[in-house]
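Read through the structure below, which is laid out as structure tokens, and then see the notes.
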Amino acid sequence: MLLFAAPVVHQAVVRCSGESHHGAVFAAAASAAATCTVPRHDWCRFRRWKAGFRFGRPVSRLVMSIARAGNDSAHDNGPRAATASGSLNGMLPTTRQVGNQQHVRETFDEQLIRLDPDALGITQKKEELQSVNFMQSRGTLRRLISHVLRLCRKHAVSFVPVYMALLVICLSKVCNLLKPLVFKLALDTLAVGGPRLSLSPTVTRSASGLMAAYGLLRMLGGMLHEARNVFMAKFINRAGRLFARDNFEHVLALEPEFHLARKAGDLVELINDGADSFASLCRLIVLSFFPTVLEFILVCGVLLARFGPYLVTLTVVTFGLFLGFTFFVNNALGITRKIMQGIKREMRGRMTDSVFGIEFVQQFANETLESKRLDACLSEYERNAVKNEYQYSMLNAGQSAVFAMGFTAVLVLITRRIGAGALTVGDLLMVTGLMEQLWVPLNFLGWQYRELKQALISAENVLEILDRPARIRDAPDAKPLQVGGAEIVFDNVCFSYDEVASDGEDGVDADDIEAHEESRGPAGSRLLKNLSFRIPAGSTVAIVGASGSGKSSVIKLLQRMYQADSGSIKIDGQDISNVTLHSLRTSMGVIPQDSTLFNDTIFYNIAYGCPERATPAEIERVAKLARIHDTIAAMPMGYQTHVGNKGIRLSGGERQRVSIARCLLRNPKILICDEATSALDSETEREITEALKRMEHNRTSVLIAHRLSTIRHADRILVMKSGQIVEAGTYAELKQNPSGVFNRMLQEQEVTSKKPLPEEDRISRKV
Ligand SMILES: Nc1ncnc2c1ncn2[C@@H]1O[C@H](COP(=O)(O)OP(=O)(O)OP(=O)(O)O)[C@@H](O)[C@H]1O
Ligand SMILES: [Mg+2]
């Protein structure tokens with residue numbers, strides 16, 4: 001109804017202005033109210049559609065999910081989900097023993113599905129969040145601008161369209177400003193003879209000319225508006241791509257500790273959100289805020305020139321109130337949005353974990369638990385989304401009221417001056433046109449500010465990662481490693497796993513790391529204690545020891561996945577901290593303890609070892625050496641078989657053989673086998689050990705094994721216990737030491753292999 005009422009009321013204003021002041025004032029007030037309400041109504045419809053579109057999937061899940069009673073549980077200070085998950089694994093057998101499975105299970109479920117309020121930012125006091133919010137937003141914007149400038153410097157040519165867009169925006173704003181001016185002139189020309197009087201042909205011609213100019217300006221304005229979008233589209237997409245690529249590269253460079261402290265899904269979400277928010281920030285700043293501010297300044301200039309300071313003051317006060325109100329309410333909205341984002345990240349993280357560990361979930365029949373864990377996030381998200389909508393409606397209503405009051409006052413002032421003969425009806429129309437022109441972008445300002453906040457929150461999260469220095473990186477003067485015979489020397493190496501990053505805190509800087517170094521416990525609490533050994537060039541050295549004694553950690557240090565606390569590690573006399581990481585890691589080939597495969601084809605997984613050498617013939621050759629070719633050939637898709645998440649479609653032994661083939665393809669100077677054959681039957685193990693032995697020829701090899709028979713051929717064996725080397729020698733030497741740790745391990749293995757089977761096993765085997 002208001003849609004139709006607006007022009008009628010408007011016409012009444014124009015008519016009344018020539019007759020009575022009071023009628024004009026009333027009509028002006030009605031016009032202002034109608035003008036504010038109509039776009040608001042349309043905008044609300046658009047906004048709802050947009051929200052439904054954007055959050056379509058989560059919303060549909062929300063509708064479908066059963067409303068969980070006691071949302072407040074999200075506010076409890078329960079243990080972290082990760083800790084709870086760990087305790088579940090450890091406590092399941094106990095649960096069965098006590099026989100009170102149902103009750104205990106429910107308790108576990110409660111703990112596991114609970115959201116971590118700290119992680120989501122729910123427990124923070126509102127005032128704290130509010131102040132942090134403002135400060136952080138400013139800081140984030142500053143950091144973001146510095147990243148944009150860095151990108152500008154790096155890719156100067158990509159930024160040319162931005163300058164073009166800015167120029168086009170300026171031109172289009174001038175067009176916008178001229179439109180009401182020309183319209184006013186045309187109207188004043190027509191009004192020369194008073195209402196309904198015939199005009200001279202000259203007056204009619206000049207009025208028609210002005211109307212044509214108005215139409216031309218309208219057309220030009222529209223075209224320029226689109227032109228800026230064309231220029232910006234290229235820049236925004238390019239900037240988003242560069243930002244996402246930079247982030248991804250940085251994340252790949254971060255040390256394992258950083259990744260261990262996070263859920264993979266969470267990280268992926270962060271990178272995606274970061275790129276999106278970066279693009280929308282560019283869009284908002286260049287296409288929304290800049291034109292709005294420019295337009296406001298131009299309009300104020302025109303108002304000042306034509307109507308004097310009163311009208312400008314009134315306009316500035318109105319928009320000042322409008323902006324103040326918008327920012328105030330948006331701060332509250334920002335808090336809710338931040339919480340929503342935390343929940344969304346947790347939600348994605350939980351979903352990714354469940355999907356990645358699907359086999360595990362099904363084996364433990366924990367589908368309901370997983371669904372409940374997700375629903376805990378969904379219901380909390382729902383609660384906050386509803387709150388957000390309420391706050392947003394409040395914002396819209398308040399904005400409309402502020403603008404309506406200001407606009408009414410402006411119209412009343414002008415109407416009075418028309419009555420006094422100081423202004424014309426054309427002036428009234430011009431001011432109405434200018435104000436409406438301003439109102440349209442300002443009307444969206446609340447939404448834009450909200451989007452800006454949202455984008456800043458996302459950007460803030462991603463900037464925390466981007467600004468976090470990689471703790472293991474190339475030294476400024478790092479040189480490529482020159483490998484000759486590949487002699488490896490560990491000299492007094494001490495090491496303990498760090499807790500700096502694993503507590504989930506972001507923004508670890510050099511000071512944190514330094515403080516942590518100082519707070520490290522005494523040498524006794526370290527994992528590796530003054531470890532010194534030498535592996536001569538071209539020799540094969542085995543490291544053995546009890547589980548947890550630090551064998552794999554030695555390998556990780558050698559690859560510089562972690563940094564030793566003290567001491568030095570040298571390859572051919574070059575300290576590994578002074579060589580480039582790329583040259584160091586490409587000089588080694590590792591067959592890891594847990595063979596991780598990518599969710600791709602077998603061909604891709606083997607080729608990953610050395611993509612440059614990955615011809616089909618070469619892949620087949622190494623697959624044959626790793627005794628996996630026949631198995632692959634028997635598969636319907638052969639080498640093109642997809643192995644599934646983490647290689648789930650292959651058996652443990654097959655996975656291990658694929659990773660052996662991958663390492664064989666690399667043909668490294670240093671070969672590292674960490675329990676390379678632990679998942680194989682003895683026949684295959686024997687065959688592969690032979691292949692590896694052949695491979696060990698002419699290169700330095702480090703073998704880690706629990707089955708001592710597989711390292712019999714090693715030139716030297718190092719026996720580790722609690723992070724120290726307690727024995728060293730050849731297989732024969734160590735065997736001869738009756739009180740040695742190695743001899744005891746050997747005897748234990750012999751006893752285990754000869755041990756008669758327990759009664760029930762023997763019976764079942766006979767059956
Ligand atoms: N990333 C890590 N963060 C913290 N602690 C770790 C990490 N990796 C290993 N540890 C701990 O360090 C200790 C030594 O681990 P390591 O993997 O070196 O043992 P290992 O000798 O290879 O054992 P296994 O024979 O079972 O493979 C273990 O107590 C383990 O819990
Ligand atoms: Mg290990």
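Can you tell me which residues in region 646-662 are touching a strand residue (DSSP E or B) at 6+ places or on another chain (Cβ under 9 Å) and away from ligand 1 (no atom under 16 Å from the Cβ)?
Residues satisfying the conditions are R649, I660, R662.
Is there any pair with a first residue in region 543-563 that is closer than 13 Å to E675 by Cα and a second that is within 13 Å of ligand 2 (Cβ to nearest atom) and acidic (D, E) whose Cβ atoms are under 8 Å apart and which are 6 or more apart or on different chains, and what are they?
As it stands, the answer is K551/D674; S552/D674; I555/D674, since those pairs meet every condition given.
When only residues in region 523-563 that are charged (D, E, K, R) and away from ligand 1 (no atom under 12 Å from the Cβ) count, which is nearest to the chain's Cα centre (by Cα)?
That would be R560.
What number goes with the only condition from (1) part of a helix (DSSP H, G or I); (2) surrounded by 15 or more Cβ atoms within 10 Å (Cβ to Cβ) that E683 does not pass?
Against the list (1) part of a helix (DSSP H, G or I); (2) surrounded by 15 or more Cβ atoms within 10 Å (Cβ to Cβ), E683 comes up short only on (2).
May I ask you to list pairs of residues, at least six apart or on different chains, whose Cβ atoms are under 6 Å apart, with the first in region 245-257 being away from ligand 2 (no atom under 16 Å from the Cβ) and the second being not in a helix (DSSP H, G or I)?
So the pair list comes out as A253/A470; L254/A470; E255/R471; E255/I472; E257/D498; E257/A501; E257/S502.
Which ones in region 727-747 are surrounded by fewer than 17 Cβ atoms within 10 Å (Cβ to Cβ), hydroxyl-bearing (S, T, Y) and touching a strand residue (DSSP E or B) at 6+ places or on another chain (Cβ under 9 Å)?
T730
Where residues in region 589-606 are within 16 Å of ligand 2 (Cβ to nearest atom) and outside any loop (DSSP other than H, G, I, E, B), which of them is surrounded by the most Cβ atoms within 10 Å (Cβ to Cβ)?
The residue in question is I591.
Say whether the condition of being over 28 Å from F490 (Cβ atoms), acidic (D, E) and more than 16 Å from ligand 2 (Cβ to nearest atom) is met by at least one residue in region 645-659.
Yes - at least one qualifying residue is present in region 645-659.
Looking only at region 573-588, which residues are under 30 Å from the mean Cα position of the chain (by Cα) and either more than 30 Å from V493 (Cβ to Cβ) or outside any helix (DSSP H, G or I) (or both)?
T580
Taking into account only those residues within region 538-572 that are among the polar types (S, T, N, Q) and outside any strand (DSSP E or B), which is farthest from ligand 2 (Cβ to nearest atom)?
S539
When you check I576 against the structure, is it aliphatic (A, V, I, L, M) and in contact with a Phe, Trp or Tyr (Cβ under 7 Å, 6 or more places away or on another chain), yes or no?
No: the conditions fail for I576.
Which condition does C282 not pass, out of (1) at pLDDT below 80; (2) among the hydrophobic types (A, V, I, L, M, F, W, C); (3) more than 23 Å from K344 (Cβ to Cβ), if it passes all the others?
Of everything listed in (1) at pLDDT below 80; (2) among the hydrophobic types (A, V, I, L, M, F, W, C); (3) more than 23 Å from K344 (Cβ to Cβ), C282 misses just condition (3).
Within region 663-680, can you find the residues that are hydrophobic (A, V, I, L, M, F, W, C), within 16 Å of ligand 1 (Cβ to nearest atom) and either within 21 Å of I602 (Cα to Cα) or surrounded by fewer than 21 Cβ atoms within 10 Å (Cβ to Cβ) (or both)?
The answer is C673, A676, A679.
Which members of region 701-755 meet the condition of being in a loop (DSSP other than H, G, I, E, B), within 16 Å of ligand 1 (Cβ to nearest atom) and closer than 28 Å to C663 by Cβ?
A705, H706, R707, G723
The values are calculated or read from the model by the stated rules, or taken from the named source; none is laboratory data. This structure is a prediction, so every number in the text was calculated from the model and none was measured. Methodologically, a virtual Cβ is constructed for each residue, glycine included, from the backbone with ideal geometry; neighbour enumeration extends over all protein chains shown.
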